[in-house]
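Just below is one structure, and these are the notes that go with it.
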Amino acid sequence: MDPLGAITGLLVLCFFCLLFLATWRKRPGNGKLPPGPWSLPILGNALQLKTKDLTRTLNKLHEKYGPAFTLYFGSERVVMLHGYQAVKEALIDRGDEFVSRGKVPVIDKLIKGLGVIFSNGEQWKQLRRFALTTLRNFGMGKKSIEERIQEETQCLVEKLSSTQKMPFDPTFLLSCTVSNVICSIVFGNRYDYEDKKFLALIDKMDDNIHLLNSQWGQLYQLFPSLMDVLPGPHNQMAINFAALKEFISEELKKHEETLDPTSPRDFIDCFLIKMEQEKQNGKTEFHAENSVITTLDLFSGGTETTSTTLRYGLLILLKYPDIQEKVQEEIDHVIGRMRSPCMADRSQMPYTDAVVHEIQRFIALVPLGLPRAVSQDTPFGQYIIPKGTTVYPILSSVLHDSNEFPNPEQFNPGHFLNENGTFRKSNFFMPFSAGKRICLGEGLARMEIFLFLTTILQNFTLKPFTDPKEIDISPALSGLMNLPRPYQLCVLPR
Ligand code: HEM
C-alpha cells in the first residue's frame, strides 16, 4: 500500500473510532441518564429534531423513551420532561431542585445573567420579589392596572374603527396596544400609535422574536460558538437588543432627573428608590445594569407573549365564526354595549372564559417552557440528571394531553366547560408554567387577554379575508414560541 493511502486509511479509521466513542460516551441511558436517541458528535440530535413539527417529534420520543428523555442540542445535553406527571413533579413537587434557569445561548450572550428571567440565585430571588411586589402595589395605586388596560382598549377601538372595514394585518397594532399597558406601568406613560420612536422599538422587538424563532435562531441555539462568527440575519438580534437597552437607559435617565422619592410614578421610580436605599450595600442586586435588564424583562416579556396570544386568538375566531358569535352573545347578555368590560364580568361569562383558556391551551405559546437547570445531581424516577443539565418542561405536552383534553389537536372551548355550561378548571392548564418560577406577569396577561378580546368583540365582528375553512391555525414557526401564520382581517363595527 502506498504511504498516502495508508495515512488516509488510518485517518478515516481514527475518524470513525472517534465518532463511535463520542456517540457511545454520550449515549443516554448509559449510566443513569434518562434514555434517548443516539446522537452525533457536534450535531447532537439536530437531524432528528424536525423544528417544523417539533411537538410530534417530541411525542414520538416520549412514546419510545418515557416521561424523561435526554437529547443533545448540538453538544449541549438537555433533559426533556414530557407529560403532566413529570412536569408537575419537577416544577411543583420538587420546585426547589429545578428552580434554576437553564442555558439559552443566544439570549445569555446578550443578557449576561442579569435581570429576572435569565438570572439565578440570590439575584433572581430579590429581583423577582421586588418586581412582583411593585406590580402588585401599582394595582392598588391611584390608577389600577385594570383601569390602565381599559384606557388602552379604548385607544385600540378607535384605531380599529379607523381601518374602515378594510383588510389589515393586526400584528403591529396589537403589539403597540399590549406594549402600551406595560409602558404605562414601567415608564408611567403610554405612547401614541404614531410615535416614531415607539414604533421603531416595537419593530425591533418583533424582529427579535422572529429571528429567535427562525431557523437562524434555532441554529444559534444549537451551535452558538459557530454562529457567533458566521454572517447572517441572526447577528441583527444583538443590534436590536442594543437599541432596546438604549431606549430604556434614556428613560431611566429622564426618571432620575425628575424623581420625587416620596411619590413614585412607576416601576422605574420604584427601582431608583430601591437603588438609593441600598447604596451602602456593596453586594446589592439593585444596581444600574439590573435596572435596565429588569425593566427590559418586563417590557419584552410582557409584550410579545400577550400580543401573540391575542393575534393567534383572533385568527382562531376567524376560522370559527360560530364560536365568535357565541362569545358576542354572552358579551351582549352580561355586559351590553354601553360600558367597557371589566374583570368582575368574567365570573359570569363561562363560555368566554372557556374560549380564552382554550386559545391559550391550543396555541401552547411557549411549547417547551423556558429551560430550567439542576444545580446538583438530581434523582428523577429511576434516573439521575447530572448537575448543571438543562431541563425543558414541555408545556405543550401537558396542554395537549389527550387524557385531560379529548382530541387535544382540535380547538374546542368544551375542553373548559362542564356539561351544564359552567367553567371547568383544569390543573393541566399551564401556559404560564408552574411553581416558584411561574410567569411573573400571569395576572397581568390574563387580565389583558380577557379585556382586549371582549372589548374587540363587543365593538366589532371579525371577518376573514379568505374562506374560514382555508385558514390554517397550526403554527407557522415553532421554536421558543409558537407563532401563527401571517394573516389579514376586516373588523366590522357592530
Ligand atoms: C400570554 C402571556 C404570557 C405567557 C404565555 C407567558 C409565559 C411564560 C413562561 C412559560 C415563563 C417561564 C416560567 C418558568 O421558568 O417556568 C414566563 C416567565 C416570565 N414571564 Fe411570562 N408569559 C406571559 C406574559 C408575561 C407578561 C405580561 C409579563 C410582564 C409582566 C411576563 C414576564 C415574565 C417574567 C419576568 C418571567 C420570568 C420569571 C422568572 O424567571 O422568575 N410574562 N412567562
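What follows is calculated from the coordinates using simple rules that are stated; it is not laboratory data. Just so it is clear, the model here is predicted, and its values are computed rather than measured. Note that each Cβ is placed from the backbone with ideal geometry, even for glycine, and that neighbours are counted across all protein chains shown.
Considering only Phe380, Ile473, Val78, the residue lying farthest towards the positive end of the dipole of the chain is Phe380, judged by Cα position with unit charges set on Cβ.
Taking Cα atoms only, the orientation of helix 196-213 departs from the longest principal axis of the chain by about 40 degrees. Ellipticity at 222 nm from helices only: DSSP H runs of n ≥ 4 in the chain, each -39500 (n - 2.57), divided by the residue count, give -16000 deg cm²/dmol. Projected label points at Thr163 and Gln215, each 7 Å from Cα along the beta carbon direction, are separated by 3.1 nanometres.
Place a label point 7 angstrom from the Cα of Arg94 along the Cα-to-Cβ direction, then list the residues of segment 383-400 whose backbone nitrogen is under 19 Å away. Hits in segment 383-400 for Arg94 at 19 Å: 383-395, 398. Only Lys, Arg, Asp and Glu carry charge here, each on its Cβ (+1 for the first two, -1 for the last two); on that basis segment 31-493 has a dipole of about 900 debye about its Cα centre. Taking label points 7 Å from Cα along the Cα-to-Cβ direction, Glu278 and Phe423 give a separation of 3.6 nm. Each of Cys155 and Lys197 was given a label point 7 Å from its Cα along the Cα-to-Cβ line. The distance between the two points is 1.5 nm.
Built from the Cα atoms of segment 31-493, the convex hull projects on average onto 22.8 nm², one quarter of its surface area.
The angle between the Cα long axis of helix 54-65 and the main principal axis of the chain comes to about 50°, on a 0 to 90 degree scale. Set against the 2.2 N^0.38 Å expectation for a compact globular protein, segment 64-186 has a Cα radius of gyration ratio of 1.50. How many angstrom lie between the Cα centre of segment 125-168 and the Cα centre of segment 357-419? Comparing the Cα centres of segment 125-168 and segment 357-419, I get a distance of 28 Å. In the structure shown, the pairs Lys103/Lys159; Lys103/Lys254; Lys32/Lys88; Lys32/Lys60; Lys197/Lys283; Lys245/Lys463 are assessed against 30 Å; a Cα-Cα span above that value is assigned to Lys103/Lys159; Lys103/Lys254; Lys197/Lys283; Lys245/Lys463. Among Ile145, Ile456, Pro493, flag the residue with its Cα farthest along the positive direction of the charge dipole of the chain, charges on Cβ as +1 for Lys/Arg and -1 for Asp/Glu. Checking the options against the dipole of the chain, the answer is Ile145. For the chain, the longest principal axis of the Cα atoms and the long axis of helix 304-319 meet at an angle of about 70 degrees. Annotation: amide H-H contacts under 5 Å for Leu417 (H modelled 1.01 Å from N, sequence separation of 5 or more, or interchain): Arg424.
Could you give the semi-axes, largest first, of the ellipsoid that matches segment 167-262, computed as the square roots of 5 times the alpha carbon gyration tensor eigenvalues and rounded to whole Å?
They are 30, 19, 10 Å, listed from largest to smallest.
Looking at the chain, the DSSP beta bridges with both ends there are about 85 percent antiparallel. For segment 177-219, a simple Cβ point-charge model (Lys and Arg +1, Asp and Glu -1, everything else neutral) yields a dipole of about 120 debye relative to the Cα centre. Around the amide H of Phe380, modelled in the peptide plane, lie the amide H atoms of Ile385, all under 5 Å away and 5 or more residues distant in sequence or on another chain.
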